[in-house]
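Worksheet: the structure to be examined is printed underneath.
The values are calculated or read from the model by the stated rules, or taken from the named source; none is laboratory data. Being a predicted model, the structure only gives us computed values, none of them experimental. Every residue, glycine as well, gets a Cβ built from its backbone with ideal geometry; the counts of neighbours run over all protein chains shown.
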Amino acid sequence: MPIEMAPREQKAKPDRTVDELIEDHTHAADALGHRIVTTFDDALKDKIRVQPQMHLRASSFGHPCDRKLYHDIVDWKKVMPFGLQAHRNFERGNYGERYVIGKLREFGFIVVGEQRDWYDESLNLSGRIEGHIVESISGAEILVEIKSSAGYFLKKITGLSDEELAQTSHSERIARLRETVYGENYYVQVQIYLYLFNKYAAMLLIHDLGLGRVVPITIPFDWEFAHSMIDRAERINCAIALKVPPPYIEKASVCKQCRHFKRSCFPSITSGNAKILTDPELHQKMVRHAEVKPAAQEASKLEREIKADVRDAGELVAVGDFLVTNTTRQRKSVVIPPERKSEFTQLVDYVTTKWERSNDRT
Ligand code: SF4
């Protein structure tokens with residue numbers, strides 16, 4: 001049966017030229033894009049405010065500094081609120097958790113006891129359990145904690161291919177997890193849950209946003225470790241009651257990332273255990289170096305770019321009032337056949353020297 005075509009509507013001749021219409025619609029799309037971004041961001045900006053913190057939180061208990069956990073409670077008013085990007089990350093994490101739980105249900109897994117807030121009065125410690133998945137064969141309710149990773153923070157795990165992951169045992173996964181700051185936090189959080197809720201194993205389910213997959217990490221209960229965290233909570237609570245902050249961590253890299261650095265906490269990380277040199281000439285050289293370094297970096301970047309631009313232009317090149325010469329020279333080079341390289345290889349000690357000014361640490 002022949003298909004009858006609907007009569008094509010005759011387009012009215014536009015009263016604007018095609019170029020004008022492209023321009024109009026491009027402006028409209030730009031304006032729309034701008035409105036979408038500001039609407040998304042404004043919704044989150046409303047959430048940017050300092051939140052009171054009255055008790056310890058399992059989710060941040062993996063931080064290595066006791067003093068930081070003390071200041072979290074005693075000096076919460078002095079911290080800067082989390083910025084826009086942090087709130088975007090929180091939003092992404094919340095969305096990721098809902099997505100994974102929804103998919104688990106859709107595929108027939110039994111998820112129970114979702115999003116349960118808890119508070120342990122004796123430890124002044126709080127948290128939120130994401131849920132339990134009922135394992136179908138044994139019937140065991142496995143505590144599950146879902147985290148999203150955009151790739152960078154858990155690279156030690158998310159950097160592995162599916163094949164590499166399949167070959168890693170849960171202890172290897174845990175070791176990799178704990179090498180990262182976030183991973184250690186997750187590990188501590190899960191161990192606290194296992195301790196307080198009398199569970200024997202949990203599953204950390206990483207929603208790997210980069211590769212669009214989920215990566216499970218089985219975490220068996222480690223009584224000694226979990227108990228040491230409970231002792232720690234008691235120690236910090238005691239410090240809070242006495243208003244005596246725990247010792248400084250004395251690790252500059254941790255302090256520089258800390259929300260209390262130079263707000264409530266002023267560790268002397270400028271010298272630490274360093275041997276102090278008082279040579280004024282040396283100090284003057286370092287001051288001068290700091291002054292000229294930005295110009296020197298720019299000069300060497302320009303030099304590299306200029307050389308790349310003129311190197312193939314011939315032996316003699318004029319650029320404005322500059323005359324450039326490209327000279328080909330020869331130098332002797334020793335070539336060792338790859339199979340004999342090991343005969344000429346040895347381990348040698350070398351020293352790298354870096355410095356930074358203490359007042360650059362903000
Ligand atoms: S600044 Fe350093 S010592 Fe002070 S609370 Fe933060 S991490 Fe701990």
Subset of region 306-362 (residues that are in a helix (DSSP H, G or I), surrounded by 10 or more Cβ atoms within 10 Å (Cβ to Cβ) and free of Cβ contacts under 8 Å to residues at least 60 places away in the same chain)
Ile306, Lys307, Asp309, Val310
From the list Ala274, Ala252, Ala233, exactly one residue is within 16 Å of the ligand (Cβ to nearest atom) and either in contact with a Leu (Cβ under 6 Å, 6 or more places away or on another chain) or modelled with pLDDT under 85 (or both). Which is it?
Ala252
Check on Arg128, in the same structural domain as Ala241 (by TED's automatic domain parsing), closer than 26 Å to Ile236 by Cβ and free of Cβ contacts under 8 Å to residues at least 12 places away in the same chain:
no
What pairs can you find where one residue is in region 64-82 and over 20 Å from Ala252 (Cβ atoms), the other is within 12 Å of the ligand (Cβ to nearest atom), and their Cβ atoms are less than 6 Å apart, with a gap of 6+ or different chains?
Asp75/Ser264; Lys78/Arg263; Lys78/Ser264
List pairs: first residue in region 133-146 and in the same structural domain as Gly113 (by TED's automatic domain parsing) and surrounded by 10 or more Cβ atoms within 10 Å (Cβ to Cβ), second residue assigned to a loop (DSSP other than H, G, I, E, B) and at pLDDT 95 or above anywhere in the structure, Cβ distance under 8 angstrom, at least six positions apart or on different chains.
none
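Can we say Leu104 is over 22 Å from the mean Cα position of the chain (by Cα), assigned to a helix (DSSP H, G or I) and surrounded by 17 or more Cβ atoms within 10 Å (Cβ to Cβ)?
So Leu104 fits the description; yes.
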Looking at (1) at positive phi; (2) within 15 Å of the ligand (Cβ to nearest atom), can you tell me which one Gly212 breaks?
(2)
Mind counting the residues in region 52-80 that are within 14 Å of the ligand (Cβ to nearest atom) and assigned to a helix (DSSP H, G or I)?
12
With respect to Gly93, is the statement that it is at pLDDT below 95, in the same structural domain as Leu194 (by TED's automatic domain parsing) and farther than 26 Å from Ala252 by Cα true?
yes
When only residues in region 171-182 that are of a type in the set (Val, Ile, Thr) and in a helix (DSSP H, G or I) count, which is nearest to Tyr95 (Cα to Cα)?
Val181
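When only residues in region 183-242 that are assigned to a helix (DSSP H, G or I) and free of Cβ contacts under 8 Å to residues at least 12 places away in the same chain count, which is farthest from Asn124 (Cα to Cα)?
Glu224
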Pro267, sole failed condition from (1) surrounded by 10 or more Cβ atoms within 10 Å (Cβ to Cβ); (2) outside the structural domain of Tyr70 (by TED's automatic domain parsing); (3) assigned to a helix (DSSP H, G or I)
(3)
